[in-house]
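Enquirer: The structure under discussion is supplied below as structure tokens; questions concerning it will follow.
The values are calculated or read from the model by the stated rules, or taken from the named source; none is laboratory data. Quantities reported herein were computed from a predicted structural model and do not represent experimental measurements. Neighbour counts run over all protein chains shown; Cβ positions are idealised from the backbone, glycine included.
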Amino acid sequence: MSEISAGLPPLLSDWWQSLSSLLLAPESRTFWGYWLSAALIVLLWTTTSWASRKHYLKPWFTLSYWWNTSTRQEYALIVLNALLFSFLGLSNVFLIIQIAINSNAFFSSVFPAINLSDNSLVATNSAVLISIYAVILFLVDDASRYGLHRLLHSRWLWRIHRVHHSAQVLTPFTLLRLHPLEQLLYQLRLVLVHGVLTGAYFFIIGSTPELWLIFGVSGFIWLFNMAGANLRHSNIPLRYGKLEVLLISPAQHQLHHGAGGIHYNYGSVLAIWDYLFNSWHSGKHDFALPNRNMPLIKQLLLKR
Ligand SMILES: [Zn+2]
Ligand SMILES: [Zn+2]
């Protein structure tokens, strides 16, 4: 891939990099390894009740499932968003560092008395503190995704999020069916949450979070992705049984895409936020996707 991008002008090279990283970078939810694990889960799920489930496999081997009006809009959005964000050149790492520096300065000025960084207690218990911090980072990150998703369903932001909900067919690419403004909002959320919490970590511990901590948090997400996260945008109604109170299953997110379930299951990884804020529903109900949608250009221009 890098050989291909080497001969391109910088903007095109960045564009190609961000497009190819969707499939090649393990941080991306559409990483090829997660596709593989999703395929294995589908195989396992189908073979445990072959007669009643084998028909779910059929679409995966037909061109019309992957290439239709709805998926073509998705592919166009993926290409467009990669281009727009390469052009903007927003670096998440750069923004996180800037926000962390400012947050640390803010915490130090507001709470000068509770800076623990030169307290020996912190040094001796740092492994415990770091573990607590990893869990907090994961929880805040997931809760903020839930909060933003609920906001996107408000009447002010709905036309932006409507693009995601206009999918007539769910394929794993539907995850990236986002209006550029929605992608921008999610990116701002990410840098804000990670920036402020990194600043808080520096304020309390007196150093930047160690690498294993970052990988530790990614570990939760990695597990979630390996557990079939790509199937939430698919025709496979995989359920997690009693675990659905804790983790959002593919069937629960599919319900969110249906006309009757749109006000349920806003959660990303954890279902507890939906449970706490009265938007939880199990994934057992049938769902009906929209049978028509607007031309993409009208959706992008947020037309009525
Ligand atoms: Zn939604
Ligand atoms: Zn979705």
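Enquirer: Where residues in the stretch 145-157 are surrounded by 20 or more Cβ atoms within 10 Å (Cβ to Cβ) and more than 30 Å from A105 (Cβ to Cβ), which of them is farthest from ligand 2 (Cβ to nearest atom)?
Expert: Filtering the stretch 145-157 for residues that are surrounded by 20 or more Cβ atoms within 10 Å (Cβ to Cβ) and more than 30 Å from A105 (Cβ to Cβ), the one farthest from ligand 2 (Cβ to nearest atom) comes out as L152.
Enquirer: Go through the stretch 158-167 and give me each residue that's away from ligand 2 (no atom under 13 Å from the Cβ) and either crowded, with 19+ Cβ neighbours inside 10 Å or in contact (Cβ under 8 Å) with a residue 40 or more places away in the chain (or both).
Expert: R159, I160 - these are the residues of the stretch 158-167 that are away from ligand 2 (no atom under 13 Å from the Cβ) and either crowded, with 19+ Cβ neighbours inside 10 Å or in contact (Cβ under 8 Å) with a residue 40 or more places away in the chain (or both).
Enquirer: Quick test of your reading of the structure: S154 fulfils all but one of (1) part of a loop (DSSP other than H, G, I, E, B); (2) touching a residue at least 24 places away in the same chain (Cβ under 8 Å); (3) more than 22 Å from G228 (Cα to Cα). Name the failing condition by number.
Expert: (2)
Enquirer: For the stretch 213-228, does any single residue satisfy the condition of being part of a loop (DSSP other than H, G, I, E, B), modelled with pLDDT under 70 and under 15 Å from L137 (Cα atoms)?
Expert: no
Enquirer: Let me ask something additional. Does N278 satisfy the condition of being modelled with pLDDT of 95 or more and over 20 Å from R162 (Cα atoms)? Break it down into steps so the answer makes sense when it comes.
Expert: Details: modelled with pLDDT of 95 or more: yes; over 20 Å from R162 (Cα atoms): yes.
Criteria met by N278.
Enquirer: Considering L121, L148, which residue is at pLDDT 85 or above, part of a helix (DSSP H, G or I) and either within 16 Å of ligand 1 (Cβ to nearest atom) or more than 27 Å from V269 (Cβ to Cβ) (or both)?
Expert: After ruling out the rest, the residue left standing is L148.
Enquirer: Return a yes/no flag: does the stretch 180-195 have any residue that is in a loop (DSSP other than H, G, I, E, B) and away from ligand 2 (no atom under 11 Å from the Cβ).
Expert: No, the stretch 180-195 contains no residue that is in a loop (DSSP other than H, G, I, E, B) and away from ligand 2 (no atom under 11 Å from the Cβ).
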